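Here the structure is laid out as structure tokens; the discussion comes afterwards.
The values are calculated or read from the model by the stated rules, or taken from the named source; none is laboratory data. Every value quoted in this text rests on a predicted model; they were computed, and no experiment measured them. Here the Cβ positions follow ideal geometry from the backbone for every residue, glycine too, while neighbour counts run over all protein chains shown. The protein model used for the area step is the full one, side chains on, heavy atoms only, and it has no ligands, DNA or RNA in it. Shrake-Rupley method; radii C 1.70, N 1.55, O 1.52, S 1.80 Å.
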Amino acid sequence: MKKLIFFLLVLSFGCGKGDKDPTHQTDEQTETATLPTQRKNVAILIFDGVQIIDFSGPYEVFGQAGYNVFTVAEKLDTIKAHMKLDVLPRYHFSNNPKPDIIVVPGGGAPHHLPKDDPTIEWIISTSNDAEYVLSVCNGAFFLASAGLLKDREATTYAPMINHITMYAPNTKPIYDKRFVQSGNIITSGGLSAGIDASLHIVSLDKGVGRATEVANNMEYNWNPKSEYVRSQLADMQLLNVLDFNPPLFNRKVIKYEGDDTYWICEYEVKREETLQAFYAQFDEAAERYDWNKVNEISTENSIVTNWRFTDYNHDTWICQTQFSTIDNKGNIRLLIDLKRN
């Protein structure tokens, strides 16, 4: 009989709830996992064109950490998020609970809105008593329109960092951080950077240990020092000059690699125009962004050019581009070799 009882006890501990990952929390467990029992409210703004990971990444972080997370929109109509995702907001601007933390994502967000715009009015009114206001990606421009970035440091989606002062002239743009905290205002880079910034807020509120626990539960490789900064990679220098019409949407990427000191990219593209006309678009963009042409060697089927330019940080770069014809069907090879001098 004693052996039977012992066997049943082993079964009771080895099956059912006991065989689940103890770090994984269901919605019901998350409700009661965090002390104190009065959970803080996290309001996440959504709007037509909102970038999915900009709002869903922070939603996952704060939800995992035990906060009361909810979406808010101007109206309780279906939101058409980026990539045709339909999202139904939980609250509208007039009935949402008072937020302790506000998340303002980016996506299809304009660079400037007037103070009497409903979204800007909501941000201003709710931010007055909020512990933290977090923008993700170009959601920073919502904060700029609301006057929340005045006399602060801020960052945003890497290609748009230098646009901040156009709409918030008293804001200092930061290029070398994944997210920036200035008082209770936190601005992050684009997309996944919002996850890091959200974990940072959790670490401030609940401790680094809790934030690490949440990151591990999400199977997210969180680096509190945020050493990966998109705007510091060398390929950022190429974004403006690769401005073709039509854009290189259907390019075949042969190589795309580098770090903060060099970048090599190789594409195969199919174009309707001639090799010379295709190259001319690059040449015009390079001139527009103050790339200096050192020399050019041109043949019927190949154009090799060496360039030199200086970036916003006064660093000098050298770049070689090679445009070459692959066949007589309009396929062109574009090779770019970029190095910090």
Please count how many residues of segment 74-109 are at pLDDT 95 or above, under 29 Å from residue 155 (Cβ atoms), in a loop (DSSP other than H, G, I, E, B) and hydrophobic (A, V, I, L, M, F, W, C).
3
Residue 94 vs (1) of a type in the set (S, T, N, Q); (2) over 23 Å from residue 189 (Cβ atoms); (3) surrounded by 16 or more Cβ atoms within 10 Å (Cβ to Cβ): all pass except (3)
Quick one: would you say residue 250 is touching a helix residue (DSSP H, G or I) at 6+ places or on another chain (Cβ under 7 Å) and open to solvent by 60 Å² or more (accessible area, probe 1.4 Å)?
no
Does segment 250-267 contain at least one residue that is free of Cβ contacts under 8 Å to residues at least 12 places away in the same chain, out of contact with any strand residue (DSSP E or B) (no Cβ under 8 Å at 6 or more places or on another chain) and outside any strand (DSSP E or B)?
no
Across segment 286-336, the tally of residues that are more than 24 Å from residue 268 (Cβ to Cβ), open to solvent by 80 Å² or more (accessible area, probe 1.4 Å) and not hydroxyl-bearing (Ser, Thr, Tyr) stands at 9
Of the candidates 171, 187, the one satisfying the condition of being within 24 Å of residue 223 (Cα to Cα), in contact with a helix residue (DSSP H, G or I) (Cβ under 9 Å, 6 or more places away or on another chain) and hydroxyl-bearing (Ser, Thr, Tyr) is 187
Quick check on my filter: what residues within segment 269-285 are of a type in the set (Asp, Glu) and open to solvent by 70 Å² or more (accessible area, probe 1.4 Å)?
272, 284
Taking helices (runs of 4 or more DSSP H) that do not extend beyond segment 113-202, which have at least 3 residues that are closer than 24 Å to residue 41 by Cβ and under 17 Å from the mean Cα position of the chain (by Cα)?
140-145
Could you tell me whether any residue of segment 57-64 is more than 28 Å from residue 234 (Cα to Cα), crowded, with 24+ Cβ neighbours inside 10 Å, in contact (Cβ under 8 Å) with a residue 40 or more places away in the chain and of a type in the set (A, V, I, L, M, F, W, C)?
yes
Evaluate segment 237-246: report whether one residue or more is in a loop (DSSP other than H, G, I, E, B) and among the aromatic types (Phe, Trp, Tyr).
yes
Could you run through segment 203-231 and say how many residues are in a helix (DSSP H, G or I), in contact (Cβ under 8 Å) with a residue 24 or more places away in the chain and open to solvent by 60 Å² or more (accessible area, probe 1.4 Å)?
5
Take residue 86 and tell me if it is open to solvent by 40 Å² or more (accessible area, probe 1.4 Å), free of Cβ contacts under 8 Å to residues at least 12 places away in the same chain and touching a Ser or Thr at 6+ places or on another chain (Cβ under 7 Å).
yes
I want to confirm something. Restricting to segment 128-178 and keeping residues that are modelled with pLDDT under 95 and of a type in the set (Gly, Ala, Ser), which single residue is surrounded by the most Cβ atoms within 10 Å (Cβ to Cβ)?
168
